[in-house]
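Values in this text are rule-based calculations from the coordinates and carry no lab data. This structure is a prediction, so every number in the text was calculated from the model and none was measured. Here the Cβ positions follow ideal geometry from the backbone for every residue, glycine too, while neighbour counts run over all protein chains shown.
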Amino acid sequence: MGPLNPLNSSIRRVLIAHNPVGDQDDPSTADVLAQVALVEDALAELGLPAVRKTAGDARSLEALRAKAQASGAQGTVVFNLMEAPAGSPYLHPGSAAFLEITGIPFTGSPAAALWLTTDKVATRAVLAAEGLPVPAGGRIDLADPEVLDHVLARVPPPWILKPACEDASVGIEGNPVCATREEAVELAARLAGRFPREPVLAERFLPGRELNVSLLADPGKPGGVEVLPIAEILFQDFPAGMPRVVGYEAKWLESSFAYIHTVRAFLDDPRDAVLVERVRRLAKRAWSACGLAGYARIDLRLDEDGEPYILEVNANPCLAADAGFMAAAGRAGLTPRQVVQRILGAATPRLSNPVVKIRRGLSPTDRAPLDELIRATGFFNPEEIDIALELVDDRLAHGEASHYRFLVGEVDGRVAGYACWGAILGTQASADLYWIAVHPREQGKKAGAALLQAAEDWMAAEGRTRVYVETATRAQYLPTRRFYLACGYEITAELQDFYAPGDGKAVFLKVLERAQ
């Protein structure tokens with residue numbers, strides 16, 4: 001009897017990968033074991049064999065790869081519950097990147113989405129660029145009083161301060177809300193000392209209702225995602241002066257006042273119908289803007305006028321039975337088996353490892369999909385869109401006589417991305433990689449890496465072995481910069497305030513081997 005999996009019969013086995021948990025680890029780390037147990041039980045109901053694998057470093061990830069790719073392991077999917085160890089938040093997306101590079105299908109969001117949403121500063125930048133509302137705020141830089149004062153001057157108090165890259169409310173203990181500059185500086189100093197490898201984020205503390213929106217992949221819904229019933233966090237009987245915040249105590253310390261008096265409810269009142277619909281739309285737009293997949297949770301808060309603002313985007317949220325995501329799923333009438341089945345269903349397209357077909361040059365029929373792709377990425381401002389399309393039009397008008405060399409990547413017959421490069425005139429062996437862009441719907445299918453490799457092969461074949469890439473240093477481009485670093489590029493120069501105040505230019509270089 002085969003697996004009871006109507007979504008995709010090609011799944012034969014699941015590896016449940018999770019981070020190590022030690023006896024001394026706090027509840028926010030140990031909680032992953034509750035998620036593993038829920039997934040195991042659901043897989044047993046589905047009739048799918050499951051194996052637990054602990055992965056937290058290079059050696060254990062390599063062991064996971066070997067297990068997934070062993071002889072007879074065809075049809076294996078990794079259920080990705082790997083989280084970062086304390087103090088190293090960026091290792092969380094690194095695990096997903098490893099799975100992508102090695103071609104192992106896995107559940108949840110791709111590495112690019114995890115990299116983005118791990119950094120709250122970067123997430124804010126992307127959401128704002130998409131026209132989505134975020135609270136006024138910015139980085140607190142204790143080393144530069146002018147930057148600090150600029151943030152505090154343009155953001156009205158009170159402020160809530162938090163480490164920018166932690167999850168599970170780590171770093172949000174006690175009272176994270178500050179009413180004066182002195183309080184903000186003192187708390188920022190404590191956070192910077194405790195989390196020295198990440199920025200401190202200061203945002204205006206919004207006084208209104210707090211909402212959680214859980215989303216679950218559903219190919220039958222518009223946009224491929226279902227918005228589950230919306231939850232509200234109620235701060236019952238909180239005394240005056242106690243901030244209404246879902247901090248560490250409210251999440252993890254079961255004997256604390258905050259834990260006992262922070263209660264989840266669902267928005268069933270017809271008077272909330274307009275708010276519910278608006279928040280649903282915002283959550284779906286955030287899902288798309290951040291490139292999420294599988295399942296996610298978006299946290300919002302209302303201001304004094306009842307206007308919703310996005311606080312956080314949580315890719316791969318907690319799946320423990322008592323967590324908010326599973327509560328919302330239960331409210332929608334979904335069992336844990338059905339939730340796990342849907343999450344696996346979203347991962348199964350990766351099983352087929354769709355081939356990214358690369359071709360050189362452009363045809364007139366490429367113009368419209370490239371225009372749509374460039375706009376869909378959300379990374380190009382209007383001027384950059386015009387420039388990118390000018391290069392496309394130059395190539396279409398002049399063909400091989402054009403200075404610009406194009407490669408187009410296709411997945412399942414659709415344009416997935418493109419790259420554009422050109423020799424640097426006056427040099428013997430240097431080239432500029434002008435653009436490389438992948439449509440959001442095709443992210444996680446290796447189109448970007450395939451385009452980059454094909455472009456490098458072409459450049460090397462023409463004797464252009466020194467490849468330069470320029471990109472912005474603002475937070476929105478953090479995943480882009482990490483992509484190039486992961487592909488062997490090094491930053492050779494950084495020009496501050498090149499594009500705008502606070503937005504510099506980073507110049508990357510990779511030296512290729514000359515084609516034989």
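Among all the lysines, which ones have a C-alpha under 25 Å from Lys67's C-alpha, if same-chain residues fewer than 8 places away are not counted?
Lys53, Lys445, Lys446
Report relative contact order for the chain in percent, whole number only (criteria: Cα-Cα under 8 Å, sequence separation at least 6).
13 percent
For the stretch 449-496, count the residues as N, evaluate 2.2 N^0.38 Å, and divide the Cα radius of gyration by that value, please.
In units of the globular-protein estimate, the stretch 449-496 measures up at 1.25.
Could you pull out the GluC sites (Glu not before Pro) across the stretch 207-261 that fall in loop regions by DSSP (anything but H, G, I, E, B) with no more than 12 other Cβ atoms inside 10 Å?
In loop regions of the stretch 207-261 (DSSP not H, G, I, E or B), the sparsely surrounded GluC sites (Glu not before Pro) are Glu254.
Straight-line reach from Lys284: which aspartates and glutamates have Cα under 14 Å away, leaving out those fewer than 8 places along the same chain?
Reachable aspartates and glutamates: Glu130, Asp218, Glu226, Asp299, Glu312.
Name the trypsin sites (Lys or Arg not before Pro) in the stretch 436-503 that are in a loop by DSSP and that have at most 16 other C-beta atoms within 10 Å, would you? Walk me through the numbers on the way to the answer.
Numbers: sites: Arg441, Lys445, Lys446, Arg464, Arg466, Arg474, Arg481, Arg482; in loops: Lys445, Lys446, Arg464, Arg474.
Sites meeting the loop and neighbour criteria: Arg474.
Where Rh denotes the Kirkwood radius from the mean inverse Cα pair distance, what is Rg over Rh for the stretch 356-511?
0.94
How many angstrom separate the Cα center of the stretch 371-430 from the Cα center of the stretch 54-130?
Computed from Cα coordinates, the inter-centre distance equals 30 Å.
Hey, which aspartates and glutamates would be in cross-link range of Lys357, C-alpha to C-alpha under 16 Å, not counting anything within fewer than 8 residues on its own chain?
Counting by Cα, and skipping residues close in sequence, Lys357 has these aspartates and glutamates nearby: Asp366, Glu410, Asp412, Glu442, Glu456, Asp457.
I need Lys162, Lys505, Lys67 ordered by Cβ neighbour count within 10 Å, fewest first.
Taking fewest neighbouring Cβ atoms as first place, the list is Lys505, Lys67, Lys162.
Within 10 Å of each candidate Cβ there may be at most 16 other Cβ atoms; applying that plus a DSSP loop requirement, which trypsin sites (Lys or Arg not before Pro) in the stretch 169-276 survive?
Numbers: sites: Arg181, Arg190, Arg194, Arg197, Arg204, Arg209, Arg244, Lys251, Arg264, Arg271; in loops: Arg197, Arg209, Arg244.
Taking the stretch 169-276 and a limit of 16 other Cβ atoms within 10 Å, the loop trypsin sites (Lys or Arg not before Pro) found are Arg197.
In the chain, what is the volume of the convex hull around the alpha carbon atoms, normalised per residue and reported in Å³?
167 Å³
Is the stretch 236-290 best put as rounded, prolate or oblate by its Cα gyration tensor, with a ≥ b ≥ c the root eigenvalues, rounded for a/c under 1.5, and otherwise prolate when a/b is larger than b/c, oblate when not?
Because a/c hits 1.5 or more and a/b exceeds b/c, the stretch 236-290 counts as prolate.
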